[in-house]
Structure formats: structure tokens, C-alpha cells
């Protein structure tokens, strides 16, 4: 075999391996993808039968019902046009409230209810964790303000034991 033919064979083998690797990666990603639908899309029949998907919208006011043990929950997710009944067994996130945004993952049941395996409460787009707000205020040179429920932030001019020992000197 000539060197030119050998090089061509190696290039073709390399391309075949790259094609196989790309195919495997795309198949793995495709099997983990969950599409997002609104209640109106669910009622319009746009959801593939039996497929897992995410349902997003607002928790309908007055729809939250708890079972005797408190672990089985029923509520409705609405987009203010249509609503979908949801069943979920488990603990709800702290931000879960009626009238607030929610994304639930799961599957539609034969009875028309959505069986959720995961509930994610959406927060306000202006939300910022207290730690991030504190860091931004410090970076801007402004003294941090004490926010509701935040006992760790000190007024300007106060020094805590933690800050005094942080550099290794007391």
C-alpha cells in the first residue's frame, strides 16, 4: 500500500470515528431533552402521547388541595386561558404559592391529569440571593444594608469577630 493510500485510509477511519461519536452524543442528548408546554398547548393536543414533558404556567388560585398526610397534592396550572390539573406526591419548594409561576415535570395520565415527578417554583426576574446582593453592594463601595431576615449583615463601621480574624490577625 502506498503512503498516500495509507494516509487516506487513516483520514477516512478518523472521520468515521468522529461521525460515530457525534451520533452517540446527539442520541444521548435527545433522550434527556424534555420539552416545555403551556396548558393551552396541552389542551390543543400538541403533546406527544406518553412522553415526559414540562408544563409551565401559574398555580391557579384556590386550586391547591392536600391529602390527609400532606404529601399528596393536587393543584391546577393555568396560562390564564386553559388549566391542567396536576397531581404531585412530595414536598413543595418554599417559593410555591397560588398565583405564582411554576414548572412541573412529568407525564399526562389517562384521566387527563398531569402526574408530576418534580415541581419547580419560579421566582421574580428581579430576584437576587442575599449573598449576591451583599457582594455587589460591597464591590460598589456602598455599605451593605440589613434586609428582612438577614441577621448576618452589619451596619457600616461595625466589625465582627469573623472579619477581624479573617486575615489571620486578631
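The values are calculated or read from the model by the stated rules, or taken from the named source; none is laboratory data. Keep in mind that what you see is a predicted model, and the values were worked out from it rather than measured. Every residue, glycine as well, gets a Cβ built from its backbone with ideal geometry; the counts of neighbours run over all protein chains shown.
Couple of notes before you dig in:
- In region 89-118, the qualifying residues are those that are more than 18 Å from the chain's Cα centre (by Cα) and either outside the structural domain of residue 50 (by TED's automatic domain parsing) or not in a strand (DSSP E or B) (or both), and the one that is surrounded by the fewest Cβ atoms within 10 Å (Cβ to Cβ) is 110.
- Region 28-48: number of residues that are at pLDDT below 85 and out of contact with any strand residue (DSSP E or B) (no Cβ under 8 Å at 6 or more places or on another chain): 7
- For residue 26, the conditions (1) farther than 22 Å from residue 122 by Cα; (2) in contact (Cβ under 8 Å) with a residue 60 or more places away in the chain all hold with the exception of (2).
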